[in-house]
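The values are calculated or read from the model by the stated rules, or taken from the named source; none is laboratory data. Keep in mind that this is a model prediction, so the values were computed, not measured. A quick note on method: Cβ atoms are made from the backbone with ideal geometry, for glycine too, and the neighbour counts reach across all protein chains shown.
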Amino acid sequence: MGARVVVRARPRARSLAWRPPACAAPHRDRSRGDIVIDHRDTPSADEAAGHASVSPTRRAVLRGSLGVAAGATATGSALAPSAYAAEQPPAPADPSAAGPAARHWQTRLDALAARHQVPGAALGILSGNRVTKIATGMANVDDRIEATPDTVWQIGSVTKVWTATVAMRLVDEGLLDLDTPVTRVMPELRLSDPERTARLTLRHLLTHTSGIDGDVLTDTGRGDDCLERYAALLGGVRGVHPLGRVHSYCNAGLMLTGRLIERVTGTTWDAALHDRLLKPLGLTRTHTLPEDVLAHRAAAGHTWERDRPPHVNPAPIPRSSGPAGIVCSSVEDVLTFARLHLDDGRGPDGTRILSSRSAEAMRSRWTDTPDTADSGETRGLGWARWDWNGRTAYGHDGTTHAQASFLRILPDARIAVVLLTNGGDNAALHVDLFREIFTALAHVAPRPQHTPDGTTPPRDAGGYLGRYPATGIVEEVLERDGALYVRRTFEGRAPSEFRLLPAGRDLYVHRVSDTREWQTIKFFTLDGTRYLYRGGRVVAHDG
């Protein structure tokens, strides 16, 4: 194994080139509290240069990022939340020099986290066999607990790939089969219709093509029977599209996978994850239950509103949602998991944990998403996949109530990068930071986001006007004065409207509350039914 560089402490003060941006950093809409994947791989342009620069200490920048009130003395003075760093990045670090590279990424993480008002973040980079791990800010703002490289964070839906890996180990052992109906293992399973029940397979679950409404996240308690009880509820959960015909992001599918794992191992999903993955990998800072997480320095989620200081606002994840998004881990443990897949299923000591065939199947292309022709996103077994200028990257993101995680693996360069955060505009931090890292280390950048193409929307949106109801949310596509809008209503909240701008064939983008990132909506028709694709989910027209 190659040399390992571990950065555990940061200098107490560091000069950072700083100048005020044109406006305050935008915030990310946190309108859903469920476990979701959020693909945002968009590079951003830095604001135009030309402002006078000053050089506050790193502590001053950090204080600004935490929203400390103005009026402090000149030494360590606070920065107003609207004055976050928007500097041009320094010259790229020399990837072959581990020390300078670690210092470079520490500087960038400090500056960009401050710019995007992220209370705390940890970054891990695996390049070859060299690991760099750094952190910035606060794990808990209210209690002034500093984030460290070994802090444990909620990784959210990145958990899904861990669950998929355990399932594929069981495929290797002959206990599960990708294409055998699930009812062979769970004869008691009842879904919304007999055909879906009879034909559903593990492959459908791992590729998110089951058509089960994935956002039904009923809390069935803390008991060891929580997944059994959840699976028993699925007979009352509607289908959202025909089985196997289209990709629609599905938390429920991974929760059902967790129950399958329980059935064939005779233990809980938590125990199976530990015995078949965490223990063989030697992971000591990865847990599923809060009482185990409390043994470590753990990050807390923070609410965030533009120009207001963040505060801790944790929300529990039901244990029944565990296989879809409950894992808490550190950057080093996540990188060890990523290395398992880079090494074709072998653990750090060379022990085979997953067969080479299963590891390859997980990262291979099995299904397309509705906007693949535009974004290049496809699906493996558990993994999401991207085309970066002809080079395949895979990974996953996770969002819990107030934490977000981002994992990307570029196998042809043997690079894996993980970012764990606890609030603020963490999506923008991910976009800017990953663009810089992969450009510097592999001379490739993640594919840009969709943006308006400047065309005029077709009359009546090509026939896609109307209501698209889903669990907890209704989208209504409207036409007014020659423009298109989406009216979005979350259950129990007032509706919001956003103007839709064309970005391709049947593809539209909009911004939420002045955020920098564009959100996409894709329309398509399948078997005569009109669908809207938003946030990875397929939603059928109600007419």
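Scanning segment 489-508 for residues that are in a loop (DSSP other than H, G, I, E, B) and either of a type in the set (D, E, K, R) or touching a Ser or Thr at 6+ places or on another chain (Cβ under 7 Å) (or both) yields E491, R493, P495, R505, D506. For segment 373-415, taking the residues that are in contact with an Asp or Glu (Cβ under 7 Å, 6 or more places away or on another chain) and of a type in the set (V, I, T), the one that is farthest from G244 (Cα to Cα) is identified as T399. Taking segment 195-236 as the range and being assigned to a loop (DSSP other than H, G, I, E, B) and either of a type in the set (A, V, I, L, M, F, W, C) or surrounded by fewer than 19 Cβ atoms within 10 Å (Cβ to Cβ) (or both) as the test, the residues that pass are L200, V216, L217, T218, D219, G221, R222, G223, D224, D225. Looking at V166, V171, V161, just one residue is modelled with pLDDT of 95 or more, in contact with a Lys or Arg (Cβ under 8 Å, 6 or more places away or on another chain) and not in a strand (DSSP E or B), and that residue is V166. The residues of segment 515-529 that are surrounded by fewer than 19 Cβ atoms within 10 Å (Cβ to Cβ) and either more than 21 Å from the chain's Cα centre (by Cα) or closer than 21 Å to P469 by Cα (or both), listed by number, are F524, T525, L526, D527, G528, T529. When R115, R144 are checked against the criterion of being crowded, with 24+ Cβ neighbours inside 10 Å and either at pLDDT below 95 or under 30 Å from D307 (Cα atoms) (or both), a single residue qualifies: R115. Condition (residue is in contact (Cβ under 8 Å) with a residue 40 or more places away in the chain, touching a strand residue (DSSP E or B) at 6+ places or on another chain (Cβ under 9 Å), under 23 Å from R130 (Cα atoms) and among the aromatic types (F, W, Y)) applied to segment 459-471: is it met by at least one residue? No, that holds for no residue.
On the given criteria, is V477 part of a loop (DSSP other than H, G, I, E, B), free of Cβ contacts under 8 Å to residues at least 60 places away in the same chain and either in contact with a Ser or Thr (Cβ under 6 Å, 6 or more places away or on another chain) or among the hydrophobic types (A, V, I, L, M, F, W, C) (or both)?
So V477 does not fit the description; no.
I'd like the full set of residues that are polar (S, T, N, Q) and either out of contact with any strand residue (DSSP E or B) (no Cβ under 8 Å at 6 or more places or on another chain) or surrounded by fewer than 24 Cβ atoms within 10 Å (Cβ to Cβ) (or both), limited to segment 118-141. Scanning segment 118-141 gives S127, N129, N140.
Here's the yes/no breakdown for (1) loosely packed, with under 15 Cβ neighbours inside 10 Å; (2) touching a strand residue (DSSP E or B) at 6+ places or on another chain (Cβ under 8 Å); (3) hydrophobic (A, V, I, L, M, F, W, C); (4) in a helix (DSSP H, G or I):
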position	(1), (2), (3), (4)
A252	no, yes, yes, yes
L256	no, yes, yes, yes
R276	no, no, no, yes
A300	no, yes, yes, no
R308	yes, no, no, no
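If the condition is being of a type in the set (D, E, K, R) and either in contact with a helix residue (DSSP H, G or I) (Cβ under 6 Å, 6 or more places away or on another chain) or in a strand (DSSP E or B) (or both), then segment 137-158 contributes only E146. Among all positions in segment 202-209, there is no residue which is farther than 25 Å from G345 by Cβ and among the charged types (D, E, K, R).
Restricting attention to segment 410-422, does a residue exist that is surrounded by fewer than 24 Cβ atoms within 10 Å (Cβ to Cβ), modelled with pLDDT of 95 or more, of a type outside the set (V, I, T) and in a loop (DSSP other than H, G, I, E, B)? Within segment 410-422, one or more residues are surrounded by fewer than 24 Cβ atoms within 10 Å (Cβ to Cβ), modelled with pLDDT of 95 or more, of a type outside the set (V, I, T) and in a loop (DSSP other than H, G, I, E, B). Consider E377 carefully, then state whether it is among the acidic types (D, E) and either modelled with pLDDT of 95 or more or touching a Leu at 6+ places or on another chain (Cβ under 6 Å) (or both). It is false that E377 is among the acidic types (D, E) and either modelled with pLDDT of 95 or more or touching a Leu at 6+ places or on another chain (Cβ under 6 Å) (or both).
Scan segment 229-242 and report the pairs whose first residue is closer than 26 Å to T369 by Cα and whose second residue is surrounded by fewer than 22 Cβ atoms within 10 Å (Cβ to Cβ) and among the hydrophobic types (A, V, I, L, M, F, W, C), with Cβ atoms within less than 6 Å and a gap of 6+ or a chain change. Here the result reads V237/V216, each pair linking segment 229-242 to a residue that is surrounded by fewer than 22 Cβ atoms within 10 Å (Cβ to Cβ) and among the hydrophobic types (A, V, I, L, M, F, W, C). Remark: pairs (first residue in segment 176-201, under 23 Å from L354 (Cβ atoms); second residue of a type in the set (A, V, I, L, M) and surrounded by fewer than 16 Cβ atoms within 10 Å (Cβ to Cβ); Cβ separation under 9 Å; 6+ apart in sequence or on different chains) = V185/L175. Within segment 278-298, the set of residues being part of a loop (DSSP other than H, G, I, E, B), farther than 28 Å from G345 by Cβ and free of Cβ contacts under 8 Å to residues at least 40 places away in the same chain comprises L294, A295.
From the list T284, T265, the one residue that fits, being modelled with pLDDT of 95 or more and touching a helix residue (DSSP H, G or I) at 6+ places or on another chain (Cβ under 7 Å), is T265. Selection of segment 310-335 for residues being of a type in the set (A, V, I, L, M, F, W, C), part of a loop (DSSP other than H, G, I, E, B) and surrounded by fewer than 24 Cβ atoms within 10 Å (Cβ to Cβ) yields only A315. Considering segment 443-467, and only residues there that are buried (at least 18 other Cβ atoms within 10 Å of the Cβ) and out of contact with any Lys or Arg (no Cβ under 8 Å at 6 or more places or on another chain), the residue that is farthest from L532 (Cα to Cα) turns out to be R447. Filtered by the rule that a residue be within 10 Å of L191 (Cβ to Cβ) and of a type in the set (A, V, I, L, M), segment 232-251 gives L234, V237, L243.
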